[in-house]
1. Scan region 25-39 and give yes if some residue there is modelled with pLDDT under 90 and surrounded by 15 or more Cβ atoms within 10 Å (Cβ to Cβ), otherwise no.
2. Considering only region 47-96, how many residues are closer than 11 Å to residue 6 by Cβ and small (Gly, Ala, Ser)?
3. Return the pair list, or none, for Cβ contacts closer than 6 Å from residues in region 65-83 that are part of a helix (DSSP H, G or I) to residues that are of a type in the set (S, T, N, Q) and loosely packed, with under 11 Cβ neighbours inside 10 Å, at least 6 apart or on different chains.
4. Could you grab me the full set of residues in region 40-53 that are open to solvent by less than 50 Å² (accessible area, probe 1.4 Å) and touching a residue at least 24 places away in the same chain (Cβ under 8 Å)?
5. For region 78-102, give me the residue count where each residue is more than 19 Å from residue 60 (Cα to Cα) and surrounded by fewer than 12 Cβ atoms within 10 Å (Cβ to Cβ).
Amino acid sequence: MADNYVPDIQDSLKKVIAMDWDRMIPGHPGPGGRFGTKDDARTALSYLEDLSAAVKEAAAGGKCYADAMRDIKLPKYEKFANYAANLPLNIERYCDFYNRGI
């Protein structure tokens, strides 16, 4: 997730998961160039939901942006490609949403 409106991403993933399909051909292939699966889509949604909950809690405590970027870690997803590089931007997007509605 880079530069998108986060509720739309979650809603889109839910719609994709509900569809009848076996293989996903992504614009950016996964590791080894393999096709995606519904489990991949579910895992991506789970990551976004877990991150959303963590940032929502931080925002409610007045801890967005720098504090949230420093403190929020999701070890369950550390093996995701580019996890460390993308997590701060992902947190920023949710801080934008919870603080400013964007």
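1. Yes, region 25-39 contains a residue that is modelled with pLDDT under 90 and surrounded by 15 or more Cβ atoms within 10 Å (Cβ to Cβ).
2. Result for region 47-96: 1.
3. Between residues of region 65-83 that are part of a helix (DSSP H, G or I) and residues that are of a type in the set (S, T, N, Q) and loosely packed, with under 11 Cβ neighbours inside 10 Å, there is no close pair.
4. 41, 44, 45, 47, 48, 51, 52
5. 6
The values are calculated or read from the model by the stated rules, or taken from the named source; none is laboratory data. Note that the structure is a prediction, hence the values are computed from the model and not measured. Positions of Cβ are generated from backbone atoms using ideal geometry, with glycine treated the same way; all protein chains shown enter the neighbour counts. Heads up: the accessible areas ignore ligands, DNA and RNA and are worked out on the full protein's heavy atoms, side chains in. Shrake-Rupley method; radii C 1.70, N 1.55, O 1.52, S 1.80 Å.
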